[in-house]
Every structure is written in structure tokens, then in C-alpha cells.
Amino acid sequence: MSTPKVWRKRIERYRLSGQKCRSCGKVIFPKRCVCPECGAKEFEDLLMPDTGKIVTYTTIFIGAQFMEHNTPYVIAIIELDNGVRITTQVVDVNPEEVSSGKKVHLVFRKLQAEGKTGVIAYGYKARLV
Amino acid sequence: MREVGILGIGLTRFKEHWDKSLRDLFVEAALKAFEDAKVSKIDSMYVGSMSSGLFDNQEHIGPLLADYLGVKNIPAVRVESACASGAIALRQGFIEVAAEISDVVLVGGVEKMTDCEDVTGALAAAADVENEAYFGATFPALYALMARAHMDRYGTTREQLASVSVKSHKNGANNPDAQFQRKVSLDTVLNSVMVADPLTLLECSPITDGAAAIILAPLDIVKTMKEKIVKISGSGVASDTIALHSRKDITALDAVRIAGEKAYSMAGKKPEDIDVCEVHDCFAIAELICIEELGFVQKGKSGVFTEEGNTEIGGKIPINTSGGLKAKGHPVGASGIAQAIEIYKQLTGNAGQRQVAGAKIGMSQNMGGTGASCAVHIMEVVE
């Protein structure tokens, strides 16, 4: 990704900044222009909670190229306490400790480096509580 | 709407074709289809390719392939819907013939994957790149998330997942066009390298080069030119959220169910009417969920159903007689067309050792990403 592409995501990924639909109340993260539930276009800003639980998970042994020095690693779908779901890594953990339903909190972590000379992209990952 | 039939088919062997390029593969399949259809020109063509750009640094392959096929100046369009690109090409050609815009239309698919340095990365582009792949999710991982959820919710076992691959390889062993023409045991599948827990290497479709082509024409023309007549009686397409995590039920594939319902409705058929079906088994769990969504088995029961042999040739509903994407190979954009070709071979009695006796009605189901797009087609023998 180019530098502006990383920069553009900073508020969303650093602060978990999402929105709530003014029409149907659906909570959305990341932000969108159109509510996927009711089609409305008016929203208010809303920060997501940084705690949730694991819905489903996997330990990846043959991973993405940018993760080749960090395999195996765990990826999970996390349901935040407000019901919003995200996909991210579960870090600082022995994969055998991970299971569906376990509680996590989100932490600020490096996601990727944009090549050898590009910016480092940061965002959210999860740790077991 | 005019009825649409199949005039000819052509397929390359599916494997690692180190001596052939993208254009070589496509032209080989298309010329075979020309020969089978006994035509030398076409009115229009659609080619499915997931990512000729990322795999091979080449875009704009509609005109490129028409040029190399020697049919330049006709409408020639590449269509893309990730791994469903092939079936979407079939759908576009079907619409064009049905709508009486063209008479003879080639629908094809091609993928040259082995020239690519980062195939896993290119494939991940079919997911939500910003919200899934960027965080390290790969395709095997996304399907592993579904597999885990299915196991947690329905008690599906690793052995049941593995039985999908055992069955696929058993069928692939009888398919001379397949990448892997050998049987594997349950133990071999379970003990092969873990890719993304619980999915092992032998529960993941391989990296493959290949192309496939079908010539479509009005059924009235097909009746005058072919001895065995097959028509496309149903075509359904649907989409879903791009990110797996946005779906209410991780164990469901709504796009598959909806595309299936549309195809059944157009053809006036029910799941019980289908004699043979090719489903999109990019990963073992995909086949299990797809046969549930297409109505062949109750939700949550696909594991037991498969383990008991109901999806084998001779079983209640033979699934992936070709070997499926797992054993036949998965040159992404070509897979949807190759699935339809397998159904055509079954319906015309040309499936050799893997023939389903008396098959009259068949279905092919092809999906993109984690099921964010899906196309289902029903074909029937016309007596």
C-alpha cells in the first residue's frame, strides 16, 4: 500500500473510529457511506470498545508473505462488546491457549511495513484477557 | 427468452504447464471447443480470469485472446468475479444468446498461476484486502475460520472434512484431465502438512495452470448439429458481504443458497431432481457448506452425509465426479467453465470411468472469495 493509503486509515485503525446509523441504529466499523442494514446515509461518529470475544480462529502455518518471519500465527474473528465483528491476529499467545468464546482486548501493534523503505502501518491486534 | 444449448466444449489438461503461457492455454482450449462444435467463427466471447494482472502482469486479455484465437474484431470481454469468474462468463454468454443479441458465443476461463511469485498474496486480493488480508488472513485461513465454526456448532469432525478430499481424489484418479490422478487415504489427508488449522494441505485446492471453453448457441441450432443435446435450463447469480466477519452466520454461504434458489426456480427443479453436481470445493469445508446450501443435505449434517458415502459416484448425490477443484486442480478463472464441462460430459455419457449412470440433470456451482459471489447453473438432457 502507498503511504497516503496507510495515512488515510490512521483514525480508524488507531482509535477504532466507527459510526452509528441515525436511522436504524446499526453500529458500523469501519465507516461507510451507506448503511448496509437500512440504506440510510446519515451517521454519528462512534468509537468501538476495545474488548470482545473470539468467535472463530485458526493458526496459520503457511502464511502471507509479509508474515513469513512470524509463522505460525493466529487469526480470529473477534466480536467486540457492542456486537461489531472484525478480523485480526491474536498475539502474545501460545496457539494452544486460543479457543472460541475466550475474551480478548485490542492492542496497538505494527501491521505491516510497506516494503524496505516505506512507512510502517500500525493498527489493532488482539490479546487474550 | 430463447433457449440456450451447448454446441461444443474444450479443456486443457489441468496441471503445472511450465511450457505454456496464458494465451497458449486459452487458445488450446478454445480450438478444441471449435473442433467439437464444428464451427470456425463466433459472434462474441467472454473470458473469466481472476487475476491475470497479479498472476501474470497482463490485463486486457479479452482482445488479446481473441487476437491470438484468430477471431479479432468481435466483442471480447474479460469478466472477473474472483474464483467465480468462469461461471460468470458462462452466465454472460447465456444471457447474450438467450436475449438474441448473438447466436454463437464462446465462454471460457483461463488462469496461468505458476508464473507468479506470490500466489497466496494474489489470491488474498479476492478477500477484503483492507480489513482481512492486510491483517494477515490468507484464503486457507478464512476457510479455516468457517471450518472451526462449523465444527464448534455442528460437531463436524476433522475426519469428515478429510473424507471430502479422499472422495475427490478417488474421482480424480479416473479423470485424465485432472492434476492429481491418484487416490489418497484418510490418514494421508489428516497427516499432511497443516496449512491453517484445521485445514491440511490435502484439504486445500492446488495451484494450477489451465483453460476451459464452451461454445453456446440457440437450442434450435444445437438440435440440428448435435446428436446428444444439452440445454442450460437454469442460471442463478448472487452476492454477499466481501468480508467473512460481516456475515451473521459464519457457517452459512447465503450467496450459494440464493444463487441456487434462482437456478432451481428458472429450471423448475428441486434438489432431488439433480443427478450429479460439481460444487466449489476450494477447501474441504467449502464443499460441505455448499451441499447444505444447495439443499442436498440438511444444515449441519454434511459431514456425516459425506463420511457415509452419499456424495460418491453411486451415492445419493454424486458430488465433484471430476475430482473437484481439489484433485482436478483449480486454475481459478477456468474452474467454473471446467465444472460445467464435467456436467456436460456426464449428461452426454462421456465421463468414462466416472460416469454417473443415467444422469439427465446436472448442476455446477462456482463461487468467488469466501462466497461473496456465486453462480449456479443447471443443465438438462433434451430428449
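Mind checking the angle between helix B:284-293 and chain B's longest principal axis? C-alpha axes, 0 to 90 degrees, to the nearest 10.
Computed tilt is about 70 degrees.
Is any residue of region B:18-45 close enough, with backbone N under 15 Å, to a label point placed 7 angstrom from the Cα of B:N73 along the Cα-Cβ axis, and if so, which?
Only B:41-44 pass the distance filter.
From Cα pairs below 8 angstrom and at least 6 apart in sequence, can you work out the relative contact order of region B:147-272, rounded to a whole percent?
18 percent
Taking beta carbons within 10 Å but only from partner chains, what does the mean come to for residues B:218-228? Please report the intermediate quantities before stating the final value.
Values: counts 0, 0, 0, 0, 0, 0, 0, 0, 0, 0, 0.
Mean shielding count: 0.
Restricting to bridges with both residues inside region A:77-129, how much of the DSSP beta-bridge set is antiparallel, in percent to the nearest 5?
On the way: 12 of 13 bridges.
If I count the DSSP bridges inside region A:77-129, around 90 percent turn out antiparallel.
Where a ≥ b ≥ c are the square roots of the eigenvalues of the C-alpha gyration tensor, would you call region B:267-383 rounded, which needs a/c under 1.5, or, failing that, prolate if a/b is larger than b/c, or oblate?
rounded
Here are some pairs, B:K41/B:K228; A:K103/A:K125; A:K9/A:K125; A:K5/A:K110; B:K231/B:K269; which of them have Cα atoms lying more than 19 Å apart in this structure?
B:K41/B:K228, as the Cα separations exceed 19 Å there.
Can you bin chain A into rounded, prolate or oblate? Criterion: square roots of the alpha carbon gyration tensor eigenvalues sorted a ≥ b ≥ c, rounded for a/c under 1.5, prolate for a/b above b/c, oblate for the rest.
The shape class here is oblate.
Output the peptides B:184-191, B:266-273, B:375-382, B:170-177 sorted from most to least packed, where packing is the average of other Cβ atoms within 10 Å over each peptide's residues.
Packing proxy ranking, top to bottom: B:375-382, B:170-177, B:184-191, B:266-273.
For chain A, with all protein chains present and a 1.4 Å probe, just round the carbon and sulfur fraction of the accessible area to a whole percent.
The computed percentage sits at 48.
Could you give the distance between the Cα centres of region B:255-319 and region B:331-351, to the whole Å?
16 Å
For peptide B:138-147, how many partner chain Cβ atoms fall within 10 Å of a residue's Cβ, on average?
Values: counts 8, 0, 5, 13, 4, 1, 6, 8, 3, 2.
That average works out to 5.
Would you mind computing, in nm to one decimal, how far apart the modelled labels at B:D273 and B:E227 are, each placed 7 Å from Cα along Cα→Cβ?
With each label point 7 Å from Cα toward Cβ, the separation is 2.8 nm.
Could you calculate the FRET efficiency of A:T71 with A:T51 from 1/(1 + (r/R0)^6), where r is the beta carbon distance between them and R0 is 25 Å, rounded to 0.05?
Details: r = 27 Å, r/R0 = 1.08.
That pair, A:T71 with A:T51, gives E of 0.40.
Quick check for you: with a 1.4 Å probe and neighbouring chains kept, what is the accessible area per residue of the protein assembly as shown, in Å²? If you can, show how the numbers build up before the last one.
Numbers: 19950 Å² over 512 residues.
Ligands and nucleic acids excluded, the result is 39 Å² per residue.
Provide, in order from the shortest bin, the percent of all Cα-Cα pairs of chain B in each 10 Å bin, continuing until the bin that contains the maximum pair distance.
The distribution over chain B is 6, 27, 37, 23, 7, 0, given as percents.
Please sort by residue number the trypsin sites (Lys or Arg not before Pro) in region B:63-120 whose DSSP state is loop and whose Cβ has at most 13 other Cβ atoms within 10 Å.
Here the trypsin sites (Lys or Arg not before Pro) that fit, given the DSSP loop and packing criteria, are B:K72.
Which residues' amide hydrogens lie under 5 Å from the amide hydrogen of B:I9, considering only partners 5 or more residues apart or on another chain, with H built in the peptide plane?
B:D36, B:A37, B:I215
Would you tally the net charge around B:A137, using a Cβ to Cβ cut-off of less than 12 Å, leaving B:A137 out, and scoring K and R as +1, D and E as -1? Write down the numbers at each step before the final one.
On the way: positive: none; negative: B:D128, B:E130, B:E132.
Net charge in that neighbourhood comes out at -3.
Work from the charge dipole of the protein assembly as shown (Cβ charges, +1 for Lys and Arg, -1 for Asp and Glu, about the Cα centre) and give the residue of A:P30, A:A76, B:H377 farthest towards its positive end.
The listed residue farthest towards the positive side: A:P30.
Of the beta bridges DSSP finds with both residues in chain B, what % are antiparallel, to the nearest 5?
75 percent
How many partner chain Cβ atoms sit within 10 Å of a residue's Cβ in peptide B:237-246, on average, as a whole number? Walk me through the numbers on the way to the answer.
On the way: counts 0, 0, 0, 0, 1, 0, 4, 4, 11, 7.
Neighbouring Cβ atoms belonging to other protein chains average 3 per residue here.
For the pair B and A, how large is the buried accessible area, both sides, in square angstrom to the nearest 100, if the probe is 1.4 Å?
2600 Å²
Show me A:106-113, B:29-36, A:33-40, B:339-346 ranked by packing, highest mean number of other Cβ atoms within 10 Å first.
B:339-346, B:29-36, A:106-113, A:33-40
Based on DSSP H runs of at least 4 residues, each adding -39500 (n - 2.57), what is the mean residue ellipticity at 222 nm of the protein assembly as shown after dividing by all its residues, to the nearest 500 deg cm²/dmol?
-9000 deg cm²/dmol
To the nearest 10 degrees, how steep is helix B:139-154 against the longest Cα principal axis of chain B, on a 0 to 90 scale?
The angle comes out near 60 degrees.
Do any GluC sites (Glu not before Pro) in region B:116-207 lie in a loop, going by DSSP, with at most 11 other beta-carbon atoms within 10 Å of their beta carbon, and if so which?
Filter output for region B:116-207: B:E117.
Taking the 0 to 90 degree range and rounding to the nearest ten, how far is the long axis of helix B:158-172 tilted relative to the main principal axis of chain B, both from C-alpha atoms?
So the inclination is approximately 30 degrees.
Order B:E28, B:E100, B:E111, most accessible first, counting only protein heavy atoms with a 1.4 angstrom probe.
Correct descending sequence by accessible area is B:E100, B:E28, B:E111.
If you plug each phi of region B:316-327 into the Karplus form 6.51 cos²θ - 1.76 cosθ + 1.60 with θ = phi - 60°, what whole-Hz ³J(HN,Hα) values come out, in order, with x for Gly and Pro?
For region B:316-327, the Karplus curve yields 4, 9, x, 10, 6, 5, 6, x, x, 4, 5, 9 Hz.
Calculate the FRET efficiency for A:K5 and B:V193 from the Cβ-Cβ distance with a Förster distance of 30 Å, rounded to the nearest 0.05.
In this case the efficiency is close to 0.30.
Using only alpha carbon pairs under 8 Å that are at least six residues apart, calculate the relative contact order of region B:29-148 and give it in whole percent.
On the way: 163 pairs, mean separation 34.9, N = 120.
Relative contact order of region B:29-148: 29 percent.
Could you tell me the calculated FRET efficiency between B:N350 and B:E100, based on Cβ-Cβ distance and R0 = 35 angstrom, to the nearest 0.05?
Given R0 = 35 Å and the Cβ-Cβ separation, E is 0.75.
For A:T117 and A:R32 in the same chain, what is the full-extension length gain: residue separation times 0.36 nm, less their Cα-Cα distance, in nm?
Gain in length upon complete extension: 27.5 nm.
The values are calculated or read from the model by the stated rules, or taken from the named source; none is laboratory data. As the structure is a prediction and not an experimental result, all values here were calculated from the model. Neighbour counts are summed over all protein chains in view; Cβ atoms, including those assigned to glycine, are modelled from backbone coordinates with ideal geometry. Heavy atoms of the whole protein, side chains included, go into the accessibility calculation; ligands, DNA and RNA do not. Shrake-Rupley method; radii C 1.70, N 1.55, O 1.52, S 1.80 Å.
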